[in-house]
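Chemist: Below you will find the structure I want to go over with you.
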Amino acid sequence: MKEHNKVVLITGANSGIGLELTKNLLLQGWEVAALIRSDFPNGQPIIIDALKKNHLRVYKADLADFSSLRNALDQIKKSEAKIDLLFNNAGVSFAEYKYSKQGREIHFEVNTLVPFIITMELKELLLKGQDKTIINTSSNSLLFLKQFDLNTVINPKTPFKKLVGPYANSKLALSLWTNGIAPELSSEGIKIRSVCPDQIRRG
Ligand SMILES: NC(=O)c1ccc[n+]([C@@H]2O[C@H](COP(=O)([O-])OP(=O)(O)OC[C@H]3O[C@@H](n4cnc5c(N)ncnc54)[C@H](OP(=O)(O)O)[C@@H]3O)[C@@H](O)[C@H]2O)c1
């Protein structure tokens, strides 16, 4: 069934899972507001067509830079009348410690904190939408951890572990705040879920 006039906001819509989600939802009749840092790849007919029809609207931001994020969120609030579905999809997994523009450990910043900021900032627009749903993209790498380790965030000195270190910690924190805030959002009519995509291999 075609969805008409429904708006989904997708972070990281230009690549990987976000790009496939974008194309899929456009084909189903959704309008997509894409919050992205890099451009869409060339030669994608669905993307080209949707941009022409204004069914795909682009907002540019580096999510690891809060002034850039602030500008994009202001732009979204000015330009979009509502959001039905918010996909916090953008995420990072590095092979070493890196830091955001604010100087914080980047996995926690981009994977945990930024989805929270976007959720809170766009709540008003979600309340104007029909579906009022937020999907946070977590990861089953969190199953490798017994508990959230605040030390790896405020004082990242322990030896770096790929996927099961700061990345898993950031995704555990994402799922924990999603779970924690769900009852409060539910009382306002907003559904929030944390999901783990199946492992995607690139060809
Ligand atoms: N692939 C898997 O097997 C898997 C499994 C479990 C969970 N996940 C989660 O699923 C989500 C999507 O993963 P993917 O495999 O599709 O990854 P991907 O292809 O690397 O895409 C990541 C997206 O996040 C964006 N992003 C990263 N840092 C950003 C920043 N500072 N500012 C703005 N955008 C930023 C990237 O933008 P740029 O193009 O500008 O870098 C890109 O669009 C992630 O949250 C990931 O942790 C993936």
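Chemist: Fully extended, how many nm does the chain gain between S187 and N155 (0.36 nm per residue separation, minus their Cα-Cα distance)?
Modeler: 7.9 nm
Chemist: Can you return the lysines within cross-link range of K6? Criterion is Cα-Cα under 26 Å, with same-chain partners fewer than 8 residues away left out.
Modeler: K23, K52, K53, K60, K77, K78, K82, K123, K128, K132, K191
Chemist: Per residue, what accessible area does the chain have, given a 1.4 Å probe and all protein chains present, in Å²?
Modeler: Values: 10790 Å² over 203 residues.
The answer is 53 Å² per residue.
Chemist: Have a look at L56, T112, L150 and report the one farthest towards the positive end of the charge dipole of the chain, computed about the Cα centre with Cβ charges (Lys/Arg +1, Asp/Glu -1).
Modeler: Of the options given, the answer is L56.
Chemist: Taking every DSSP beta bridge with both residues inside the chain, roughly what % is antiparallel (nearest 5)?
Modeler: Details: 1 of 23 bridges.
Antiparallel: roughly 5 percent of the beta bridges in the chain.
Chemist: Please label the shape of the stretch 1-95 as rounded, prolate or oblate, based on the square roots a ≥ b ≥ c of the eigenvalues of the alpha-carbon gyration tensor (a/c under 1.5 means rounded; beyond that, a/b larger than b/c means prolate, else oblate).
Modeler: Numbers: a/c = 1.71, a/b = 1.27, b/c = 1.35.
Since a/c reaches 1.5 but b/c is at least a/b, the shape of the stretch 1-95 is classed as oblate.
Chemist: Here's something else I'd like to know. Can you tell me what share of the DSSP beta bridges in the stretch 1-107 is antiparallel? A percent to the nearest 5 is fine. The partial results should precede the final answer.
Modeler: Details: 1 of 14 bridges.
Expressed as a percentage, antiparallel bridges in the stretch 1-107 total about 5.
Chemist: Tell me the mean residue ellipticity at 222 nm calculated for the chain from its helices only (DSSP H runs of n ≥ 4, each -39500 (n - 2.57), averaged over every residue, nearest 500).
Modeler: Numbers: 7 runs with 73 residues, N = 203.
Computed mean residue ellipticity for the chain: -10500 deg cm²/dmol.
Chemist: Next up: Viscosity 1.002 mPa s, temperature 20 °C: give me the Stokes-Einstein translational D for the stretch 74-139 in µm²/s, with Rh taken as the Kirkwood radius over C-alpha pairs.
Modeler: On the way: Rh = 13.1 Å.
For the chosen part, D equals 164 µm²/s.
Chemist: Cα centroids of the stretch 185-199 and the stretch 27-69: how far apart, whole angstrom?
Modeler: Using only Cα atoms, the two centres lie 22 Å from each other.
Chemist: Would you please give the residues with an amide H less than 5 Å from that of A13, counting only those at least 5 places away or on a separate chain, with H modeled from the backbone geometry?
Modeler: Amide H neighbours of A13: L35.
Chemist: Step through the residues of the stretch 33-48 one at a time and calculate ³J(HN,Hα) from phi using the Karplus curve (6.51 cos²θ - 1.76 cosθ + 1.60, θ = phi - 60°), rounding each to whole Hz and writing x for Gly and Pro.
Modeler: Karplus values, whole Hz, x for Gly and Pro: 9, 9, 9, 9, 9, 9, 5, 5, x, 6, x, 10, x, 5, 5, 4.
Chemist: Considering all alpha-carbon pairs of the stretch 7-195, what whole percent are spaced by more than 25 angstrom?
Modeler: Working: 6220 of 17766 pairs.
Distances greater than 25 Å cover 35 percent of the Cα pairs.
Chemist: Sort 66-75, 45-54 by packing, meaning the average of other beta carbons within 10 Å per residue, with the highest value first.
Modeler: In decreasing order of mean packing, 66-75, 45-54 become 66-75, 45-54.
The values are calculated or read from the model by the stated rules, or taken from the named source; none is laboratory data. This one's a predicted model, so the numbers in the text were calculated from it and none came from an experiment. All Cβ positions, glycine included, derive from the backbone under ideal geometry; neighbour counts span all protein chains shown. With ligands, DNA and RNA removed, areas are computed over all heavy atoms of the protein, side chains included. Shrake-Rupley method; radii C 1.70, N 1.55, O 1.52, S 1.80 Å.
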